[in-house]
């Protein structure tokens, strides 16, 4: 079975661990969001790709969900001593090495997809990880600062401002001119099932879908497309997805997110059991819906979620 | 008193600590060797400039003489895990930050001299540190590998090969087209005394003198030029200076090094007391010579050496 997953960071990465358990024989291709990539200290940092790679490769800081295990922060402390920031972005020493290798390879002319493949040679994530695009896409968020509207990098909004101010708009800058990375459209066309994990529907999955050609390829793949709600009981399971959902005019409910993707894209949708009441609303919108536990509390729970998603895909196919 | 010092790495840096003690009111300008600069992991590394900066700024690993105190090596270990080397060059995590800041500033268009000044803002070395040139100069060493002669970067010869093979030639590649960095010729022209510390006469002081204009400026400055022998009792005090001296046809003796600089450049020369027998030879070559203890065992000994150098300069002037 060939499964394609559109993944953001922590939520997507954790779901993938369950999916690998649920379908150990499957050939899994992960199309990773690069809209939250950022250039820091002259280095190219790809938080979502790295979170997937570290999580599946056994290098992740389990508690925090991002960054490396057993991490130290000497480089960062020294950069701060030189007056070089930003200090709000937590780059650890071990993590720095990844960005140094990536930046060096990009500088030598390799596209991000080739660099990601090379980094995964070490981590052996057990999936094929492809960035959504080799072209630069940078998600910006429109916020009001001291009474003036300005666009800040997604990381500044998310990490520095902790999404504490209203997001008036979320724009994946450059997405309209970006091309899917080599292998992305081929993987979608060859998939048996396509999964949207409980990643952020706006700044993770939404950014991937904003790359021209990807949404169309998924809609026309002719295979089940199933998703898992990142909203449970009208609130994001983790993160601050409600803030960016509001920016695109979508309510923070499991049903509203399904309708946001729409029946033209989505065939099946899993909501949490606490949202069982919204199953009807989603099905009325033309999307097959089931209510199952959606809290990724441990690997067993996550594996059950992945299994439920694959079962829903089978149902949809039948 | 305005003192100009041509410095390499460890020997030059340690001597400068003594000089600052011996002449606390002096205005000291250090012209630093950049011939052993190397690009590693996409970063610009300037070992000699950093050794001077860390030593005078209180950040040096005292025991080893280079690199940062309380250093960790997580970035390097991770790079090795990615299969990215070289592993023979010891870059620590704290040290990495310096190279990241430097590389970022160079990438933003600042010349190395401006970058060095910015880095020194943090370290406050108490001297003005200027690279010999903003242009790229890279010292290569001709060696025989598996029966074939090839040129290797100085760091490869020195650190990886530990100078264990014969050096057939030492070439400061690019020096002939390099221009002295802003401030270098002005500092020399305005100096009251010019000092060659016990740095390597070939790959440290020699490389600086290879930048067109610097040797001439020193010879024509009309002020005392005094040096301290890095050779004591026919062997280098530290390092492997004898190996590269042989490559340029100079014996490893205090007298031979003085003659190598020559009376056209050098007015005074200090040899160690164990080499008192060579004072006559050096003086016969037209260079005022004194024998004093030249082992930099501690700050007091180093300060006495610096004081002796300044006294010799006074003698020469009179």
Arranged from highest to lowest average of other beta-carbon atoms within 10 Å per residue, in what order do the peptides B:21-32, B:196-207 appear? B:196-207, B:21-32
For segment A:65-115, compute Rh as the Kirkwood radius over C-alpha pairs and then the Stokes-Einstein diffusion coefficient at 4 °C and 1.567 mPa s; write the answer in µm²/s, rounded to an integer. 106 µm²/s
Computed on Cα atoms, Rg of segment B:3-51 relative to 2.2 N^0.38 Å comes out at 1.31
Which whole number gives the average count of other chain Cβ atoms within 10 Å of the Cβ atoms across peptide B:67-80? 4
Return one number: the angle in degrees, 0 to 90 and rounded to the nearest 10, between the long axis of the Cα atoms of helix A:47-57 and the longest principal axis of the Cα atoms of chain A. 70 degrees
If you average the sequence gap of Cα pairs under 8 Å that are 6 or more apart and divide by the length of segment A:211-280, what percent do you get for the contact order? 39 percent
Kirkwood Rh, Cα Rg: Rg to Rh for segment A:182-318? 0.94
Averaged over residues of B:186-199, the number of beta carbons from other chains lying within 10 Å of each residue's Cβ is 0
What does the convex hull of the Cα atoms of segment A:122-256 come to per residue, in Å³, rounded to a whole number? 136 Å³
Considering only the label points, 7 Å along Cα→Cβ from Cα, what distances in nm to one decimal separate residue B:179 from the same position in each other copy, shortest first? 4.2
For residue B:220, which inter-copy label distances result when the label point lies 7 Å beyond Cα on the Cα-to-Cβ vector, reported in nm to one decimal and in ascending order? 7.4
Taking neighbour counts of Cβ atoms within 10 Å as a proxy for exposure, in what order, fewest first, do B:170, B:226, B:52 appear? B:170, B:226, B:52
The correct pair for chain A, radius of gyration to one decimal and Dmax as a whole number, both in Å and from Cα atoms, is 18.7, 62
Hey, rough spin-label estimate for residue B:169 and residue A:215, points 7 angstrom out along Cα→Cβ, what's it come to in nanometres? 6.4 nm
The residues B:94, B:307, sorted from fewest to most surrounding Cβ atoms within 10 Å, come out as B:307, B:94
For a bin width of 5 Å, list the pair-distance distribution of segment A:1-151 built from all Cα-Cα distances, rounded to whole %. 2, 9, 17, 21, 19, 15, 10, 5, 2, 1, 0
Label point distance in nm, residue B:117-residue A:248, each placed 7 Å from Cα along Cα→Cβ: 4.9 nm
Taking the Cα atoms only, what angle lies between the long axis of helix A:299-317 and the longest principal axis of chain A, rounded to 10 degrees? 50 degrees
Over all alpha-carbon pairs in segment B:177-233, figure out the percentage whose distance exceeds 12 Å. 68 percent
Please compute the modelled spin-label separation between residue A:87 and residue B:144, points set 7 Å along Cα→Cβ, answer in nm with one decimal. 5.8 nm
What relative contact order, as a whole-number percentage, does segment B:167-315 give when Cα pairs under 8 Å and 6 or more residues apart are counted? 21 percent
Copy-to-copy label separations for residue B:273, where each label sits 7 Å from Cα toward Cβ, in nm and ascending: 8.9
Helix B:112-123 versus the longest principal axis of chain B: what is the Cα-based angle in degrees, 0 to 90, to the nearest 10? 90 degrees
Between chains B and A there is a rotation axis; tell me the chain B residue with the nearest beta carbon and how many whole Å away it sits. B:93, 2
How big is the Rg/Rh ratio for the protein assembly as shown, C-alpha atoms only, Rh by Kirkwood, two decimals? 1.14
Taking every pair of distinct Cα atoms and averaging 1/r, then inverting, what Kirkwood hydrodynamic radius in Å comes out for segment A:74-153? 15.5 Å
Among A:122, B:177, which comes first, then next, by fewest other beta-carbon atoms within 10 Å? B:177, A:122
How large is the translational diffusion coefficient of segment A:1-86 in µm² per second when you combine the Kirkwood radius over alpha carbon pairs with Stokes-Einstein at 4 °C and 1.567 mPa s? 90 µm²/s
Taking only DSSP H segments of four or more residues, each worth -39500 (n - 2.57), what value at 222 nm results for chain B once the sum is divided by all its residues, to the nearest 500 deg cm²/dmol? -10500 deg cm²/dmol
Hey, how many Å between the Cα centroid of segment A:54-105 and the Cα centroid of segment B:1-63? 30 Å
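No value in this document is a laboratory result; all are computed from the given coordinates. Values in this document were obtained by computation on a predicted structure and should not be read as measured data. FYI the Cβ positions are ideal-geometry reconstructions off the backbone, even for glycines, and counts take in every protein chain you see.
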